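Trainee: Pasting a structure below so you can have a look.
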Amino acid sequence: MLHVIRERATGWVAYLIVLIISIPFALWGISEYLGFGGGADVAEVNGHPVPVERYNEVYQRTRSDNPPPSGMDSEQWEQGLKLRVLDGLIDRVLLFQYLDSERLDVTDAKLAQSIQAMDLFRIDGRFDEERYQKILEVNRITPARFEADQREQMRTQIIAQMLADSALATDAEVREYQALKDQTRDIRYFEVKGDRFFNPGAVTEEEIKADYEGSQDRYMAPERVKVSYLELRLDSMDDGTPLSGEAVAEYYEARALDFMAPELRKLRQIFLKGSESDEQAQALYKRLQEGEDFAELAREHSQDELSRSRGGQIGWVAEEDLPEDIAALVFSLEPGKVSEPIKTERGFYLLDVQELEPARLQSLEEVRDQVVERARRADLEGRYAAAAEELGLLAYENPESLAAAAEQLGMEIQGTDLVPLTALPVGVLTQEAVLTALRSDEVLRGGMNSDRIDLEVDWSIVVRVDEYEEARTLPLEAVADRIRNDLARQAAWTALLAHASELTERLQEEPDIEALAESDGAELVTRVGLTRDAEEVPRQIGEKAFSLSRPEGSPSVGIAILYDGVALVVVDAVHEAPPAEIREEDRENLRAKMRFDEAEAFRAALLAQAEVTRNPDLLE
């Protein structure tokens, strides 16, 4: 199967599945990857644009969810994050283009089954068409659009499943993997901090001025906004007042058929495991037809441990309680008549329906708690929908202020101070749809209210920008210290690497790391029996130690790059673990690694064949 997957490019899709999830942005369908807005594009993939608006939305959300690691320069981290987001968006376009080229689609029946299984659209465990339509209407989504988006998500799941089936790890491969995983190493290392080479005083005024004049785009004051908004949530509609008895009764009478008790059947079974039990099942069926007692045969022969001791008795069941492959048959059986042997993936069943209780309408008293809860929820949803509709209308009719809408609806206007548009408080204002509205010309520069934005089925917001400052170039005196420090850091990094290279050469000439550490004023650290997942050393040092070759005659030497410096690492010995029993956890880990390696290799090949143009100058 693996070679088939490789030929059909699904290995690359694995890369997307593994890597794209590290960038938390919502799935966007075919209609969106083909175009978004009319502005500039940060990239073009085989003729299809990746719009800057899309990039800005994804970057803002990713940035708020991914702060820089402790000790790492925040500017350096953000530059790397920008490129990761751009690559992720390019990969997303390539994914949908691949799906189109392979014509991987989802049938209407599969799509319907998936939507009907969503808890959001179910009431008491059953899909409710009225609720489905209402939720989509409140969110201003047509069924056609929603179903198209769901189909796209399911198409990507097809690829994920194909990939999951493709990676097979043999016992020999698992043992080899376990041997490497369980290997330990004896290492010594010492760290060299970068700050020892950091000397801002050595940077001249001429160097500062030259850097400023050559890179003014780096020294911009970001555009700033003062935002106000009205936020409406479903739970704000609940004032704790209980529904009247009349309202509950009216709700029940209008939806009485929703409270039907389903038909029930009292069922017992004889179950035989495996696909080779046909002959035994037929023999038991014959004995039952000849009048032998069902309960006694169940106790003697059934292989279902739970019901066997009860003579095969399962009890009262509804159709939805049973597996699909036997439910219809059970509910077509006449009471007192034993079914012929039923073959399933699990084995063979002999079923006996003893009694039948017809479906019936339950009285209000029987289902009062259920009716009260559903009526209360329907009342809240109705009031929320009305309030949301009025919020949007009032914001539209009074476009230059939120005061009228706030007064009419009894809502509180919330807001921010004047802050960078790229650094809004994490929460409602950093939602993708809200950021899109804030960046629109009519809201950002025109002083207009946004349209009502439905973030979820029970969450809406209207925003406006009360004050706006354009981005501007900062004067030299405002950024001189920053430039001085940046240039000093660059010089320190260059000096640090040169020093590390010199230390490595000295160690190769005279393999005495203890003396070298002492001469450099550093503390030598020794770790015996270091494992791959050890936490007692920095991650970068552990990775470097296990990437170095096995020492032959003399220690293996390498440099690990740390957040605040480097480490000179020496591997003195490698210890192999004794052979171990195969662990299924390791098999799964190896399969995941095989999928990832396969994916990354194919992705590189596919990107080489694609026409991809990047415009990094447009990145925020």
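Trainee: Residues being in contact (Cβ under 8 Å) with a residue 40 or more places away in the chain and either outside any loop (DSSP other than H, G, I, E, B) or of a type in the set (Ser, Thr, Tyr) (or both): count how many of those fall in segment 530-543.
Mentor: If we filter segment 530-543 for residues that are in contact (Cβ under 8 Å) with a residue 40 or more places away in the chain, which is where we start, we get 530-532, 537, 541.
From what's left, either outside any loop (DSSP other than H, G, I, E, B) or of a type in the set (Ser, Thr, Tyr) (or both): 530-531, 541.
So the answer is 3.
Trainee: Among the residues of segment 302-309, is there at least one that is free of Cβ contacts under 8 Å to residues at least 40 places away in the same chain, open to solvent by 10 Å² or more (accessible area, probe 1.4 Å), over 11 Å from ARG268 (Cα atoms) and part of a helix (DSSP H, G or I)?
Mentor: Yes, there is a match, as at least one residue in segment 302-309 is free of Cβ contacts under 8 Å to residues at least 40 places away in the same chain, open to solvent by 10 Å² or more (accessible area, probe 1.4 Å), over 11 Å from ARG268 (Cα atoms) and part of a helix (DSSP H, G or I).
Trainee: Of the residues GLU588, GLU543, GLU576, GLU598, only one is at pLDDT 85 or above and either closer than 24 Å to ASP171 by Cβ or surrounded by fewer than 12 Cβ atoms within 10 Å (Cβ to Cβ) (or both); which?
Mentor: After ruling out the rest, the residue left standing is GLU576.
Quick grid of which residues meet (1) modelled with pLDDT under 90; (2) closer than 30 Å to PHE121 by Cβ; (3) under 34 Å from the mean Cα position of the chain (by Cα); (4) in a helix (DSSP H, G or I):
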site: GLU400; (1), (2), (3), (4): no, no, no, no
site: ALA406; (1), (2), (3), (4): no, no, no, yes
site: VAL434; (1), (2), (3), (4): no, yes, yes, yes
site: VAL443; (1), (2), (3), (4): no, no, yes, yes
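Trainee: Within segment 329-340, identify whether any single residue is closer than 30 Å to GLU469 by Cβ and not basic (Lys, Arg), and answer yes or no.
Mentor: So far as segment 329-340 goes, no, none of its residues is closer than 30 Å to GLU469 by Cβ and not basic (Lys, Arg).
Trainee: Considering only segment 281-316, state which residues are more than 23 Å from ALA327 (Cβ to Cβ) and within 47 Å of the chain's Cα centre (by Cα).
Mentor: Hit for segment 281-316 is SER309, nothing else.
Trainee: Please work out which residue is farthest from PRO578 (Cα to Cα), limiting yourself to segment 138-180 and to residues that are modelled with pLDDT under 75 and of a type in the set (Gly, Ala, Ser).
Mentor: Checking each candidate, the answer is ALA160.
Trainee: Pairs please, first residue from segment 216-243 and surrounded by fewer than 14 Cβ atoms within 10 Å (Cβ to Cβ), second anywhere and of a type in the set (Gly, Ala, Ser), Cβ atoms under 9 Å, 6+ apart in sequence or on different chains.
Mentor: MET220/ALA471
Trainee: On to the next question. Can you give me the number of residues within segment 186-205 that are open to solvent by 20 Å² or more (accessible area, probe 1.4 Å) and under 20 Å from VAL570 (Cα atoms)?
Mentor: Residues in segment 186-205 being open to solvent by 20 Å² or more (accessible area, probe 1.4 Å) and under 20 Å from VAL570 (Cα atoms): 4 in total.
Trainee: Check GLU381, GLU357, GLU373, GLU366 and return the single one that is farther than 16 Å from SER228 by Cβ, charged (D, E, K, R), crowded, with 17+ Cβ neighbours inside 10 Å and at pLDDT below 95.
Mentor: Selected residue: GLU381, the only one of GLU381, GLU357, GLU373, GLU366 that is farther than 16 Å from SER228 by Cβ, charged (D, E, K, R), crowded, with 17+ Cβ neighbours inside 10 Å and at pLDDT below 95.
Trainee: Do you know which of the residues in segment 601-619 that are at pLDDT 80 or above and touching an Asp or Glu at 6+ places or on another chain (Cβ under 8 Å) is surrounded by the fewest Cβ atoms within 10 Å (Cβ to Cβ)?
Mentor: So, considering only residues that are at pLDDT 80 or above and touching an Asp or Glu at 6+ places or on another chain (Cβ under 8 Å), the one surrounded by the fewest Cβ atoms within 10 Å (Cβ to Cβ) is GLU611.
Trainee: Go through segment 471-489 residue by residue and tally those that are assigned to a helix (DSSP H, G or I) and polar (S, T, N, Q). Full working, then the answer.
Mentor: Just the residues of segment 471-489 that are assigned to a helix (DSSP H, G or I), to begin with: 476-489.
This time we only want the ones that are polar (S, T, N, Q), so: 485.
Within segment 471-489, residues that are assigned to a helix (DSSP H, G or I) and polar (S, T, N, Q) number 1.
Trainee: Can you tell me which residue is most open to solvent (accessible area, probe 1.4 Å) among those in segment 413-432 that are part of a loop (DSSP other than H, G, I, E, B) and more than 20 Å from GLU400 (Cα to Cα)?
Mentor: The selected residue is VAL426.
Trainee: What residue, among those in segment 215-268 that are touching a Phe, Trp or Tyr at 6+ places or on another chain (Cβ under 6 Å) and of a type outside the set (A, V, I, L, M, F, W, C), is farthest from HIS301 (Cα to Cα)?
Mentor: Taking segment 215-268 and keeping what is touching a Phe, Trp or Tyr at 6+ places or on another chain (Cβ under 6 Å), we get 225, 233-234, 237, 264, 266.
This time we only want the ones that are of a type outside the set (A, V, I, L, M, F, W, C), so: 233, 266.
On the way: ARG233: 58, LYS266: 21 Å.
So, considering only residues that are touching a Phe, Trp or Tyr at 6+ places or on another chain (Cβ under 6 Å) and of a type outside the set (A, V, I, L, M, F, W, C), the one farthest from HIS301 (Cα to Cα) is ARG233.
Trainee: Suppose we keep only residues that are assigned to a loop (DSSP other than H, G, I, E, B) and touching an Asp or Glu at 6+ places or on another chain (Cβ under 7 Å) within segment 445-461. Which one would you say is most open to solvent (accessible area, probe 1.4 Å)?
Mentor: The extreme case among them is MET448.
Trainee: If I ask for residues that are open to solvent by 50 Å² or more (accessible area, probe 1.4 Å) and part of a helix (DSSP H, G or I), which ones from segment 272-282 would you list? Walk me through it before giving the result.
Mentor: Of the residues in segment 272-282, the ones open to solvent by 50 Å² or more (accessible area, probe 1.4 Å) are 273, 275-276, 278-280, 282.
Answer for segment 272-282, where residues must be open to solvent by 50 Å² or more (accessible area, probe 1.4 Å) and part of a helix (DSSP H, G or I): ASP278, GLU279, GLN280, GLN282.
Trainee: Look at segment 443-491 and say how many of its residues are of a type in the set (Phe, Trp, Tyr) and closer than 23 Å to PHE197 by Cβ. Let's see the steps before the verdict.
Mentor: Initial filter on segment 443-491 (of a type in the set (Phe, Trp, Tyr)): 459, 468.
From what is left, the residues that are closer than 23 Å to PHE197 by Cβ are none.
So the answer is 0.
Trainee: Just name the residue that is surrounded by the fewest Cβ atoms within 10 Å (Cβ to Cβ) out of those in segment 546-568 that are more than 20 Å from ASP512 (Cβ to Cβ) and modelled with pLDDT under 90.
Mentor: If we take residues in segment 546-568 being more than 20 Å from ASP512 (Cβ to Cβ) and modelled with pLDDT under 90, then ASP564 is surrounded by the fewest Cβ atoms within 10 Å (Cβ to Cβ).
Trainee: Kindly list the number of the only condition in (1) at pLDDT below 90; (2) assigned to a loop (DSSP other than H, G, I, E, B); (3) not hydrophobic (A, V, I, L, M, F, W, C) that fails for GLU320.
Mentor: (2)
Trainee: Moving on to the next point. Consider segment 202-231. How many of its residues are among the acidic types (Asp, Glu), more than 19 Å from GLU75 (Cβ to Cβ) and outside any strand (DSSP E or B)?
Mentor: Of the residues in segment 202-231, 3 are among the acidic types (Asp, Glu), more than 19 Å from GLU75 (Cβ to Cβ) and outside any strand (DSSP E or B).
Trainee: Quick check: is even one residue across segment 480-503 surrounded by 13 or more Cβ atoms within 10 Å (Cβ to Cβ) and without any contact (Cβ under 8 Å) to a residue 60 or more places away in the chain?
Mentor: Looking through segment 480-503, none of the residues is surrounded by 13 or more Cβ atoms within 10 Å (Cβ to Cβ) and without any contact (Cβ under 8 Å) to a residue 60 or more places away in the chain.
Trainee: In addition: With basic (Lys, Arg), modelled with pLDDT of 95 or more, open to solvent by less than 60 Å² (accessible area, probe 1.4 Å) and part of a strand (DSSP E or B) as the only criterion, which of ARG527, ARG464 stands out?
Mentor: It is ARG464.
Trainee: For GLN97, which of the numbered conditions (1) of a type outside the set (A, V, I, L, M, F, W, C); (2) touching a residue at least 12 places away in the same chain (Cβ under 8 Å); (3) surrounded by fewer than 17 Cβ atoms within 10 Å (Cβ to Cβ) fails to hold?
Mentor: Evaluating GLN97 over (1) of a type outside the set (A, V, I, L, M, F, W, C); (2) touching a residue at least 12 places away in the same chain (Cβ under 8 Å); (3) surrounded by fewer than 17 Cβ atoms within 10 Å (Cβ to Cβ) leaves (3) as the failure.
Trainee: I'd like to check something: does segment 329-338 contain any residue that is modelled with pLDDT of 90 or more, farther than 30 Å from GLY410 by Cα, open to solvent by 40 Å² or more (accessible area, probe 1.4 Å) and of a type in the set (A, V, I, L, M)?
Mentor: No, every residue in segment 329-338 fails to be modelled with pLDDT of 90 or more, farther than 30 Å from GLY410 by Cα, open to solvent by 40 Å² or more (accessible area, probe 1.4 Å) and of a type in the set (A, V, I, L, M).
Trainee: In addition: Looking only at segment 221-241, decide whether some residue is more than 38 Å from the chain's Cα centre (by Cα) and of a type outside the set (Gly, Ala, Ser). Before you say what the answer is, go through the steps one by one.
Mentor: Step one: filter segment 221-241 for residues more than 38 Å from the chain's Cα centre (by Cα), giving 241.
Among the residues that remain, those that are also of a type outside the set (Gly, Ala, Ser) are: 241.
Yes, that holds for at least one residue.
The values are calculated or read from the model by the stated rules, or taken from the named source; none is laboratory data. Predicted, not measured: the structure shown is a model, and the values here were computed from it. Cβ atoms come from the backbone with ideal geometry, glycine included; neighbour counts cover every protein chain shown. Remember, those area values only see protein heavy atoms, side chains included, never the ligands or the DNA or RNA. Shrake-Rupley method; radii C 1.70, N 1.55, O 1.52, S 1.80 Å.
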